[in-house]
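Notes follow the structure.
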Amino acid sequence: MAVRVDLNLSLDGVVMPEGRTSENPMGEDWGRLVEHYAATRTFRERVLHDTTGSGTAGVDDRYAAAYFQGIGAEIMGAGMFGLHAHPDDPGWRGWWGDEPPFQVPVLVLTHEERPPIDFANGTRFEFLSASPEVLPRAQALAGDADVRIGGGAGVARAFLAAGLVDRLHVAIAPVVLGRGGRLWDDLRDFDRDYAVTSEVAESGVLHISFAR
């Protein structure tokens, strides 16, 4: 059982672009960070439910497929679930429609009390306050499988800073954003505790993996 994180970054380390609006709830440059991922066959099938086999099938797709493999539970922040964009909608069920791609229990960290949401494909959203018990709860739900820290940036940084992450994968897109929330600030020497490997995809994206 491992604790895993997968993130998309710019060349200057931005993981959360600025300029969030109702039209761009993840920030105006979010599409530039995830363009390679959204083009993959895995994304199109798992997230968009496109079973035609369209999409890229190279290095980016291999990492996209690995993102979903071996996961038994996920932890995410309220922003990733979308509560910041729909704060007054008690019926909000996330960005993903009736078939969220997770297919496992997902613990959403929020101060708002909400009942759990169950989907037919095995996804279950539970809403919990951030506390030291969150990770043990996720590990109990995951059993022998891994726990993924899905984001957003603040949640991922907190787990990284606490030394709780066993495997980190970052996909560095060849773009410079110049502003936004950065991943590496205050994580000096983080890499010293990990074996580091890297691979360049056909898209020009650099995939770097940190593993204990």
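Details
- Top-ranked residue of the stretch 171-192 - restricted to ones that are over 17 Å from Glu18 (Cα atoms) and open to solvent by 50 Å² or more (accessible area, probe 1.4 Å), ranked as modelled with the highest pLDDT: Pro174
- Listed by first and then second residue, the pairs linking a residue in the stretch 176-199 that is among the hydrophobic types (A, V, I, L, M, F, W, C) to a residue that is part of a helix (DSSP H, G or I) and loosely packed, with under 13 Cβ neighbours inside 10 Å, with Cβ atoms under 8 Å apart and 6 or more places separating them unless they lie on different chains, are Leu187/Ala161.
- Selection within the stretch 131-151 - part of a helix (DSSP H, G or I) and among the β-branched types (Val, Ile, Thr): Val134
- Within the stretch 102-122, residues that are among the basic types (Lys, Arg) reach partners that are exposed (fewer than 11 other Cβ atoms within 10 Å of the Cβ) and in a loop (DSSP other than H, G, I, E, B) with beta carbons closer than 8 Å, at six or more positions or on different chains, in the pairs Arg114/Pro90.
- For the stretch 63-96, residues that are farther than 23 Å from Ala142 by Cα and either crowded, with 16+ Cβ neighbours inside 10 Å or of a type in the set (Gly, Ala, Ser) (or both) total 5.
- Identity of the residue in the stretch 107-127, assigned to a strand (DSSP E or B) and among the aliphatic types (A, V, I, L, M), that ends up surrounded by the most Cβ atoms within 10 Å (Cβ to Cβ): Val108
- Residue check, Glu23 of a type in the set (Asp, Glu), out of contact with any Cys (no Cβ under 6 Å at 6 or more places or on another chain) and within 24 Å of Ala158 (Cα to Cα): no
- With respect to (1) small (Gly, Ala, Ser); (2) over 20 Å from Gly82 (Cα atoms); (3) surrounded by fewer than 18 Cβ atoms within 10 Å (Cβ to Cβ), the lone exception for Ala130 is condition (2).
- Here Arg167 does not fit the description of being modelled with pLDDT of 90 or more and over 23 Å from Gly70 (Cβ atoms).
- Residue in the stretch 40-62 that is nearest to Leu135 (Cα to Cα), counting only those that are among the aliphatic types (A, V, I, L, M) and open to solvent by 40 Å² or more (accessible area, probe 1.4 Å): Leu48
- Single residue of the stretch 16-30 satisfying the filter (touching a strand residue (DSSP E or B) at 6+ places or on another chain (Cβ under 9 Å) and open to solvent by 10 Å² or more (accessible area, probe 1.4 Å)) that is nearest to Ala162 (Cα to Cα): Met16
- A residue that is over 28 Å from Asp185 (Cβ atoms), of a type in the set (Asp, Glu) and exposed (fewer than 13 other Cβ atoms within 10 Å of the Cβ) occurs somewhere in the stretch 138-146.
The values are calculated or read from the model by the stated rules, or taken from the named source; none is laboratory data. Just so it is clear, the model here is predicted, and its values are computed rather than measured. Quick reminder, even Gly has a Cβ in these numbers, built from the backbone with ideal geometry, and neighbours come from all protein chains shown. Accessible surface is based on the protein model in full, side chains and every heavy atom, while ligands, DNA and RNA are left aside. Shrake-Rupley method; radii C 1.70, N 1.55, O 1.52, S 1.80 Å.
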